[in-house]
1. Please work out the ratio of the alpha-carbon Rg of the stretch 139-246 to 2.2 N^0.38 Å and round it to two decimals.
2. Say R0 is 25 Å: what FRET efficiency, to the nearest 0.05, do V192 and Y149 get from their beta-carbon distance?
3. What ranking of W146, W55 emerges when the number of other C-beta atoms within 10 Å of each C-beta is taken as an exposure proxy, fewest first?
4. Starting with the fewest neighbours, write out I64, I125 ranked by other beta-carbon atoms found within 10 Å of each beta-carbon.
5. Taking neighbour counts of Cβ atoms within 10 Å as a proxy for exposure, in what order, fewest first, do R179, R47 appear?
6. Taking amide hydrogens as modeled 1.01 Å from N in the peptide plane, which residues meet the under 5 Å criterion relative to H154, leaving out close sequence neighbours?
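Laboratory data are not the source of any read-out in this text; all were calculated from the coordinates shown. These numbers were taken from a predicted model, which means no experiment stands behind them. Backbone-built Cβ (ideal geometry, glycine too); neighbour counts: all protein chains shown.
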Amino acid sequence: MNKCLGLPILAFAGFSLMACSAMNENDSATTNEPVERFAAPGEQQLRASGNEPFWSLQVFAEQIHFHRMGEEAEVFALTSQTQSPETSRYRFSSNAYAGTLVVQAETCHDSMTGMPYPYTASVQIPGETLHGCAGDPSQLLQVNPWQFYQLDTHAVADLVLVTLYFDGERVSGSTGCNRYFGGYELTGENLVFGNLGVTKMACDGPRNEAEQAFLAVINDVHRFDIDAEGHLILHSSHGQTLKAKPYTPEK
């Protein structure tokens, strides 16, 4: 199974997942009161979606909002949450029916755009099971720093360090010679870097070669992927690639 960069299940903490015991004692598998008693859902904790048929689901502290294309969103009471090392389950119900959202710590690719997500998702409701992805793609980028080993056709020489750090909406790193910094934008289909600023130290030999190869591609990147080994692959609009592995900076 292709794990999400070896992420432990604690990565779910970013979604404020809690054990069943954290739920209100009055919650149960079904409810006899209208779910509209929840006036405001609060902050979204998790979003999942899938294609053909198109659907989306939002998880809040006490509610599940489920939407199909062309239909009004349905609101359910979130009745329980449970987790194992690799799987979290959310059970929900309304006066009409009950269902379960299953989220697994495995890299998922959107079936239409190819965008990678940190989790797979399935929604089990009466008569059908819907499949899709969950989480925020930025989690895959920000989970650790990255060290490049292949810059299109150029293999990075030993002792030359080309790195990339994602921090919020900013990026920074080393070209192998100079430091660079700037912003990036992650949309439903694309990863795009803004105009990167670069320091002006002069280098020669392998360090200069790495910098030239890196800068020739990075500003043209338009999407990313995570391969089976957990490596980051940046793709340019001209078919070039930058390949990086997880990096642990020396302390």
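1. Numbers: Rg = 12.8 Å, N = 108, 2.2 N^0.38 = 13.0 Å.
In units of the globular-protein estimate, the stretch 139-246 measures up at 0.98.
2. Working: r = 23 Å, r/R0 = 0.92.
Calculated value: 0.65.
3. Working: W146 22, W55 19.
Fewest-to-most Cβ neighbours within 10 Å comes out as W55, W146.
4. Details: I64 25, I125 17.
Arranged by neighbour count, lowest to highest, I64, I125 become I125, I64.
5. Details: R179 13, R47 17.
Arranged by neighbour count, lowest to highest, R179, R47 become R179, R47.
6. For H154, whose amide H was placed from the backbone, there are no distant partners under 5 Å.
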